[in-house]
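Shown next, in structure tokens, is the structure this report addresses.
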Amino acid sequence: MAFYYTEPSHTFNEYLLIPRYSSKEHSPQNVSLRTPLVRMKNGEEPQFTLNIPLVSAIMQSVSNDKTAIALAKEGGLSFIFGSQAIEKQAEMVSAVKNYKAGFVESDSNILPRQTLQDILDLKIKTGHTTVAVTEDGSAHGKLLGVVTGRDYRPSRMDRSLLVSEFMTPISKLTVGKEGISLAEANDLIWEYKLNSLPIVNEKGELVAFVFRKDYESKKENPNELLDEKKRYIVGAGINTRDYKERVPALIEAGADILCIDSSDGFSEWQKETIQFVKKQYNGRVPVGAGNIVDKDGFDFLADAGADFIKVGIGGGSICITRETKGIGRGQATALIEVAKARNEYYERTGVYIPICSDGGIVYDHHITLALAMGADFCMLGRYFARFDESPTNKVLVNGTYMKEYWGEGSSRARNWQRYDSGGDAKLAFEEGVDSYVPYAGPLHDNVQESMHKVKATMCNCGTLTIPELQKHAKLTLVSSASITEGGAHDVILKDIHANRT
Ligand code: RVP
């Protein structure tokens, strides 16, 4: 006879945390969000630790090099998406590893024969006001001039005016020569009272910009996730099909950690992939695996050698796996069972394997709930897709700015390796949708606010670290009536667009 669970499976929205006694010491500035990323033996430090418990999803619409750099600045980690050509993915990984903090590749570039209207359109698309005018309109073409908000007044000027007629030409610009240090670049910015300094090579081609605002924000990033050479740490997604070619290219490009990306990780394919990575690199390259939703899945991947294990099937905002295939489990119940299995495994073997709650984070407090239920960190897709740094277009829909966000199981992503770990089928049906999410601005501001909320709730729970929260949290299931009670109710909201995320 089939096995039946006696209890229904629940999700984050059905749980709340009960406050515990908090002393004066329990204030957000005393909270540490450090958390292990990979397996560790009793009493030893893990090879990698996150400074905030967030990683970005292994998705085309979420994790490119820009998201990876922005998130590493905050202390989290991105896994560059694997559903692209091996060389392209390796290029993104090396872009993160070669990134020189403070030197920014120009993402707003234009030809001198384009118009003021083109400048205005570009500003909406990128959100940036500094535009490089280059001979070929590319980020590394010969620099002819720069346009900033100080060069034009849209209300007074003809939109068809050519860029070459109102740009600040190179002859009037202060520029830095390639090879200049960040400290020297910042000295020029201060000396000449600049907002940005273009860096050019000996042929006069644009290399990068250094911005005044970045110098200031650098001081705001005490949590940066850096390797021993002070480069940003970056992860990369792999699959169970082409790993023999993909993994060496990613490691060569500088990937620090890998993660097998699959909707169902309880498989022989995953075991073989993990064992390949372990053998090839003598256990030096960590590899995460998943996704699973129960103890059996956890124990299997733990024994196979996974360095962290991802929990969650069907809970992603763009995921329709539960509808199309009828597999999955409420995320909270899955997490609670797997966390228990992780703790038992630790007691049995002395090896602690971090678990990652993947998908279904809607509100910031869901992050805290996931941690309280035993997750060591969370993977988010929708959340990061909303930011300036995500790889997708920002578009105007019914008067509101949106970013595009699509699932890896959608026909747009065509990531058949994620859904079919063996066999020959090539995405016979969709398991994900193509969608919009409300544009939310820079990653930095949003992550800061979210982490502040997590810290505040941890203080309410009388805890100052994630391990303490996992041990001491008191959680309760709530009825559907009390979920209604938890929102604003029986009042007429003045601002119907109030953002409650
Ligand atoms: P969310 O943060 O709720 O948007 O969920 C993101 C997660 O959804 C991913 O990390 C992945 O596990 C899952 N996903 C990605 N694509 C699809 C799909 O097309 N079904 N699901």
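The values are calculated or read from the model by the stated rules, or taken from the named source; none is laboratory data. Fair warning: this is a prediction, and the values are worked out from it, not measured in the lab. Cβ atoms come from the backbone with ideal geometry, glycine included; neighbour counts cover every protein chain shown. Keep in mind that these areas ignore ligands, DNA and RNA; they rest on the heavy atoms of the full protein, side chains included. Shrake-Rupley method; radii C 1.70, N 1.55, O 1.52, S 1.80 Å.
Computed from backbone phi with θ = phi - 60° and the Karplus coefficients 6.51, -1.76 and 1.60, the 3J(HN,Hα) list for the stretch 123-135 is 4, 5, 5, 9, x, 10, 9, 9, 10, 8, 9, 10, 4 Hz; x is used for glycine and proline. Distance between the pseudo-spin-label points of Ser155 and Arg34 (7 Å out from Cα toward the beta carbon): 5.3 nm.
Taking amide H positions as modeled 1.01 Å from N, with prolines and chain starts lacking one, the residues under 5 Å from Val234 and 5 or more places away or on another chain are Asp256, Ile257.
The angle between the Cα long axis of helix 182-191 and the main principal axis of the chain comes to about 50°, on a 0 to 90 degree scale. The mean sequence distance of close C-alpha pairs (under 8 Å, at least 6 residues apart), as a share of the length of the chain, puts its relative contact order at 21 percent.
Only four residue types carry charge here, +1 at the Cβ of Lys and Arg and -1 at the Cβ of Asp and Glu. Report the dipole size of the stretch 109-213 about the Cα centre in Debye, rounded to the nearest 20.
Numbers: 14 positive and 13 negative charges, 87 e Å.
About 420 debye.
Test of understanding: what is the full-extension gain from Glu252 to Arg212, defined as 0.36 nm times their sequence separation minus their Cα-Cα distance? Don't skip to the end; give the middle numbers.
On the way: separation 40, 0.36 × 40 = 14.40 nm, distance 3.36 nm.
Gain on extension, Glu252 to Arg212, equals 11.0 nm.
The chymotrypsin sites (Phe, Trp or Tyr not before Pro) found in the stretch 211-294 that occupy coil by DSSP, while having at most 16 further C-beta atoms within 10 Å, are Tyr281. Within the stretch 1-76, report the trypsin sites (Lys or Arg not before Pro) that DSSP leaves as loop and that have at most 16 other Cβ atoms within 10 Å. Qualifying residues, ordered by number: Arg20, Lys24, Arg34. Put simply, the amide H of Ser61, placed in the peptide plane, has neighbours under 5 Å in Trp406, leaving out anything fewer than 5 places away on its chain.
Determine the dipole magnitude for the chain: charges of +1 sit on the beta-carbon of Lys and Arg, -1 on that of Asp and Glu, nothing else is charged, the reference point is the Cα centre, and the result goes in debye to the nearest 20. Provide the component values of the computation, followed by the final result.
Values: 58 positive and 65 negative charges, 144 e Å.
Dipole of the chain, to the nearest 20 debye: 680 debye.
Exposure check, 1.4 Å probe, all protein chains in place: Cys461 carries approximately 0 Å² of accessible surface. The GluC sites (Glu not before Pro) of the stretch 15-85 that meet both conditions, a loop assignment by DSSP and at most 16 other Cβ atoms within 10 Å of the site Cβ, are Glu25, Glu44. For the stretch 109-213, DSSP calls about 75 percent of its internal beta bridges antiparallel.
If you build the Cα gyration tensor of the chain and take the root of 5 times each eigenvalue, what three semi-axes come out, in whole angstrom, biggest first?
41, 26, 23
The residue among Ser23, Pro354, His366 whose Cα reaches farthest toward the positive pole of the charge dipole of the chain, with charges on the beta-carbon of Lys, Arg, Asp and Glu, is Ser23. On the basis of the beta-carbon distance and an R0 of 51 Å, Tyr4 and Leu120 show a calculated FRET efficiency of 0.25. Using just its DSSP H runs of length 4 or more, each adding -39500 (n - 2.57), the chain gives a mean residue ellipticity at 222 nm of -9000 deg cm²/dmol after division by all residues.
3J(HN,Hα) along the stretch 18-32, derived from phi through the Karplus expression 6.51 cos²θ - 1.76 cosθ + 1.60 where θ = phi - 60°, amounts to 9, x, 10, 4, 10, 8, 4, 5, 7, 10, x, 5, 8, 7, 10 Hz, with x in place of Gly and Pro. Taking 17 Å as the cut-off, the amide N atoms of the stretch 38-70 that come nearer than this to a point 7 Å along the Cα-to-beta-carbon line of Thr465 belong to 38-53. Note on Lys41: lysines with a C-alpha under 22 Å away, same-chain residues under 8 apart excluded, are Lys271, Lys278, Lys279, Lys295, Lys310, Lys340, Lys471.
Around the amide H of Leu50, modelled in the peptide plane, lie the amide H atoms of Thr35, Leu37, all under 5 Å away and 5 or more residues distant in sequence or on another chain.
For a quick protection proxy, order the peptides 133-145, 155-167 by their average other-Cβ count within 10 Å, most packed first. Walk me through the numbers before you get to the answer.
Working: 133-145: 18.5, 155-167: 13.1.
The peptides rank, most packed first, as 133-145, 155-167.
Hey, if you put +1 on the Cβ of every Lys and Arg and -1 on every Asp and Glu Cβ in the chain, which of Leu380, Gly326, Gln84 ends up farthest toward the positive end of that dipole? Of the candidates, Leu380 comes out farthest on the positive side.
Extension gain for the segment Glu165 to Ser138, taken as residue separation times 0.36 nm less the Cα-Cα distance, is 7.8 nm to one decimal. Based on C-alpha pairs under 8 angstrom that are at least 6 apart in sequence, the stretch 109-213 has a relative contact order of 25 percent.
Consider a paramagnetic label point 7 Å from the Cα of Lys229 along Cα→Cβ; state which residues of the stretch 89-107 have an amide N under 15 Å from it. In the stretch 89-107, the label zone of Lys229 (backbone N under 15 Å from the point 7 Å along Cα→Cβ) covers 93-101.
Here the 3J(HN,Hα) profile of the stretch 276-285, calculated from phi with Karplus coefficients 6.51, -1.76 and 1.60 at θ = phi - 60°, is 4, 4, 4, 5, 4, 10, 6, x, 7, 9 Hz, Gly and Pro shown as x.
Given R₀ = 22 Å, FRET efficiency for Leu182-Gln448 by Cβ-Cβ distance, to 0.05? According to the calculation, E is roughly 0.45. Spin-label model, Ser27 to Arg412: label points 7 Å out along the Cα-to-beta-carbon direction sit 4.5 nm apart.
Using the Cα atoms as the points, what is the convex hull volume per residue of the stretch 109-213 in Å³?
On the way: hull volume 10.2 nm³, N = 105.
Given the Cα convex hull of the stretch 109-213, per-residue volume reads 97 Å³.
Taking all protein chains together, Val362, Val397 sort by accessible area into Val362, Val397, largest first [probe 1.4 Å].
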